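**Student:** Just passing along the structure, written as structure tokens.
The values are calculated or read from the model by the stated rules, or taken from the named source; none is laboratory data. Here the structure is a predicted model, which means the values were calculated and not measured. Please note: Cβ atoms are built from the backbone with ideal geometry, for glycine as well, and neighbour counts cover all protein chains shown.
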Amino acid sequence: MTDERLTAWVHGQVQGVGFRWWTRSRALELGLVGSATNHADGRVVVVAEGTRERLETLLGLLRSETTPGSVTLVVESWDPPRGGIAGFVER
């Protein structure tokens, strides 16, 4: 199974509610690498690399009712992995 790169722009009330920490925890449980970063306009951008199956699981979790805060929309894009990422960080 080849790796892919998921970029997910998460809209809603997702800053200041533990969303990045929660995302990091879920990504690490799935064995993914990447980051969750606050954006100036209030969104959080999640970049993760790993297998398509595990990335789709993370995407489903980002869209679920279990997230901290309130997610109103998740816009995703898929790309080939770039590599060079270790662990999963909050920015």
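**Student:** Which one of these does residue 76 not meet: (1) surrounded by fewer than 15 Cβ atoms within 10 Å (Cβ to Cβ); (2) among the acidic types (Asp, Glu); (3) more than 14 Å from residue 3 (Cα to Cα)?
**Tutor:** Status for residue 76: all satisfied but (1).
**Student:** Now for a separate question. Need at least 2 residues that are within 12 Å of the chain's Cα centre (by Cα) and among the hydroxyl-bearing types (Ser, Thr, Tyr) per element, so show me which strands (runs of 3 or more DSSP E) inside the stretch 9-91 make the cut, counting only ones lying wholly within it.
**Tutor:** On the way: elements: 33-38, 44-51, 70-79, 88-90.
Answer list for the stretch 9-91: 33-38.
**Student:** Related question: I need every pair where a residue in the stretch 76-91 that is hydroxyl-bearing (Ser, Thr, Tyr) and at pLDDT 95 or above has its Cβ under 6 Å from the Cβ of a residue that is surrounded by 11 or more Cβ atoms within 10 Å (Cβ to Cβ) and not in a loop (DSSP other than H, G, I, E, B), sequence separation at least 6 or different chains.
**Tutor:** 77/7
**Student:** Same structure, new question: Residues being in contact (Cβ under 8 Å) with a residue 12 or more places away in the chain and within 15 Å of residue 19 (Cα to Cα): count how many of those fall in the stretch 49-75.
**Tutor:** Qualifying residue count for the region: 12.
**Student:** Only residues that are aliphatic (A, V, I, L, M) and exposed (fewer than 14 other Cβ atoms within 10 Å of the Cβ): list them for the stretch 1-49, please. If you could, list the steps in order and put the result at the bottom.
**Tutor:** Step one: filter the stretch 1-49 for residues aliphatic (A, V, I, L, M), giving 1, 6, 8, 10, 14, 17, 27-28, 30, 32-33, 36, 40, 44-48.
Matches in the stretch 1-49: 1, 28, 40.
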